Amino acid sequence: MEMEVNGGGGLYSSDEDSQHKDKKKKQREICSSGCERPKSVCLCPYLPPSPIPTATQILILLHPHELRHKLSTAPLLPKCLLNSHTLLGRRLRPGSSPLLDSLLLSPPHLRPPALFLFPGTSSHPSVDLHHWAASHHDHPPHNLVLIVFDGTWNHAREMVSASLPFVSEFATRVSLSFDEQVEGASVFDSELVLRKEPFLGCVSTIEAVARALRVLERDGVEIEERLISVLRAMARFQASNFKPLKPRVKLGKKEKEMKMLCEESSQLL
């Protein structure tokens, strides 16, 4: 049997090399018929057989950097929801979307209601989505448009700020429950969390849309469950590839100084 030297200086057989390459190739193979994810973490069995129709039109502004993130959930939404559309960009403005342009140009009394989902600030407060829905319970809105910003927390905040002059002309700012004073969860705290969140209440885009549609849609509970089942499967794949890290011990000022002195002494010796 032939033996070869690997990159780390070790030895392995040519058969092992072939198996290693086949394994790497399999990991890189992409599912082209459905979820467009690596075949090793294919989500097709968890996607709806056909995209679910909704009365709500969902428009997602996807930050360009999210195209590089394997954990981005926004690309899954059009595969799950018939009326979900994605725009790539950093802000919404006139000309970004025919749908939004039509809202801007419609007379206020004929304009379909529109919401954009993002936590409020002291200068730009938001309405709790449940309260908004309750206030429209007697006259459920038709052709509702829900705008969602997808990116890291900092990117999404910048996207909202840049888009605000445009979207505030026709859309109401709404939010799910959140608390900026409490640190957010990590992948090990919840079966639905894929990335470390900045504060309590921050969720992935697919979960945010699922929670919103639960409130806004007649069949919201069923729609939410279908979307959450996709996220749950994605989170399981992700969690299986991570090992929990032990928290680093925080050192006080004196302990840090002693550690630095010890390191300097070891270097002198």
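FYI, it's all coordinate maths here, none of it is from the lab. This is a predicted model, so every value here is computed, not measured. Note that we place each Cβ from the backbone using ideal geometry, even for glycine, and neighbour counts take in every protein chain shown.
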Under-5 Å amide H pairs with residue 172, H placed in peptide plane, nonlocal only: 114, 115, 116
Sum up the charges of everything whose Cβ sits under 12 Å from the Cβ of residue 220, counting Lys and Arg as +1 and Asp and Glu as -1, but leave residue 220 out. -1
Hey, how many Å between the Cα centroid of region 112-151 and the Cα centroid of region 56-79? 20
Two decimals is fine: what's Rg over Rh for region 38-240, C-alpha atoms, Kirkwood radius as Rh? 0.94
